1. Can you tell me which residues in region 30-46 are crowded, with 20+ Cβ neighbours inside 10 Å and free of Cβ contacts under 8 Å to residues at least 60 places away in the same chain?
2. So how many residues does region 19-45 have that are out of contact with any Ser or Thr (no Cβ under 9 Å at 6 or more places or on another chain) and either β-branched (Val, Ile, Thr) or on the phi > 0 side of the Ramachandran plot (or both)?
3. For residue 115, indicate whether it is surrounded by fewer than 21 Cβ atoms within 10 Å (Cβ to Cβ), of a type in the set (S, T, N, Q) and within 20 Å of residue 236 (Cα to Cα).
4. For region 73-112, which positions are free of Cβ contacts under 8 Å to residues at least 60 places away in the same chain and among the hydrophobic types (A, V, I, L, M, F, W, C)?
5. Could you check region 171-191 and list, in sequence order, the residues that are more than 19 Å from residue 117 (Cα to Cα) and without any contact (Cβ under 8 Å) to a residue 40 or more places away in the chain?
6. Could you list, in sequence order, all residues of region 88-106 that are near the ligand (Cβ under 9 Å from one of its atoms) and surrounded by fewer than 20 Cβ atoms within 10 Å (Cβ to Cβ)?
7. Report yes if residue 164 is assigned to a strand (DSSP E or B), more than 19 Å from residue 235 (Cα to Cα), touching a His at 6+ places or on another chain (Cβ under 8 Å) and not assigned by TED's automatic domain parsing to the domain that holds residue 28, otherwise no.
8. Applying the selection to region 118-144, what residues are in a helix (DSSP H, G or I) and either buried (at least 23 other Cβ atoms within 10 Å of the Cβ) or more than 9 Å from the ligand (Cβ to nearest atom) (or both)?
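The values are calculated or read from the model by the stated rules, or taken from the named source; none is laboratory data. Computed from a predicted model, the values in this text were never measured in an experiment. As a convention, Cβ positions derive from the backbone with ideal geometry for all residues, glycine included, and neighbour counts pool all protein chains shown.
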Amino acid sequence: MEDKVEETYDRRCADVYDQWFGYFDEAAVDVLEELAGGGRALELGIGTGLVALPLAARGVEVHGIDASPEMVAALRAKPGGERLPVTMGDFADVNVEGEFLLVYVVYNTLFALQTQEEQVRCFRGVAARLAPGGAFVVEAFVPDLAQLSAGRGVRLLHMTDERVGIRVFEHDPVGQKLRSRHVVFKDGGTRVFPVEVRYAWPSELDLMARLAGLRLRARWGDWRRGAFGAQSEKHVSVYERPARAS
Ligand SMILES: C[S@@+](CC[C@H](N)C(=O)[O-])C[C@H]1O[C@@H](n2cnc3c(N)ncnc32)[C@H](O)[C@@H]1O
């Protein structure tokens, strides 16, 4: 029987996540530090802390939520990782104590929530924990119609002298789901990482935000605040909890 994806992906990839799949953009830390405004920050899906640790190193009080003991163990093993407060659980519930000036979810991680209902619940949970004037930052891909309309396909993820990573995917346009397998070939063997996401268009995310009482403050095409437009492959969206009812 096939493993349940959500139970296997992070367990399978925690040991190689930073090296093969993770990416780090210092500009993201610049933006998040500014938005935290000296207050508390919360990362949904904190994982191995690729973003949280550099942000904490700048003096921001960073908390996290994650469901994977393996990913959090990798975070704990890094310098400073043992000090970050992490709540183990499902970030659809945003079940943490206190108020935050910044909540953020990077690298398409919001789409790990497999249904629209869970994503809406997440926005509501975030809004409930944001201080007035606080920001919710979402970094996510813009669905690529040309690629998805084929229904299924294969893409090169990375290629070095030592290894090749590809992504094999199937698209369900009704459920807005991408069912993928990341396959890494290297000397000595092949590893397969199942990944399933429920994607949403930026406009759908804006509607989820409105349902939660948040409004779009800014949308960029990258962490350097580049313009967002028809050619953008991803977006960085900043939603805010209004400082007072409008
Ligand atoms: C792509 S990784 C990103 C990790 C981290 N943001 C980083 O860049 O280091 C996604 C993370 O979200 C976590 N995750 C996925 N779905 C989750 C859920 N429903 N609740 C809590 N954590 C979840 C995974 O365990 C994993 O650590």
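1. 46, the sole residue that qualifies.
2. Total meeting the criteria: 4.
3. Criteria not met by residue 115.
4. Within region 73-112, 73, 75, 77, 84, 86, 88, 91, 92, 94, 96 qualify.
5. The answer is 171, 180, 181, 183, 185, 186, 187, 188, 189, 190.
6. Once the filter is applied, which keeps residues that are near the ligand (Cβ under 9 Å from one of its atoms) and surrounded by fewer than 20 Cβ atoms within 10 Å (Cβ to Cβ), region 88-106 yields 88, 89, 90, 93.
7. The answer is yes for residue 164.
8. Across region 118-144, the qualifying residues are 119, 120, 121, 122, 123, 124, 125, 126, 127, 128, 129.
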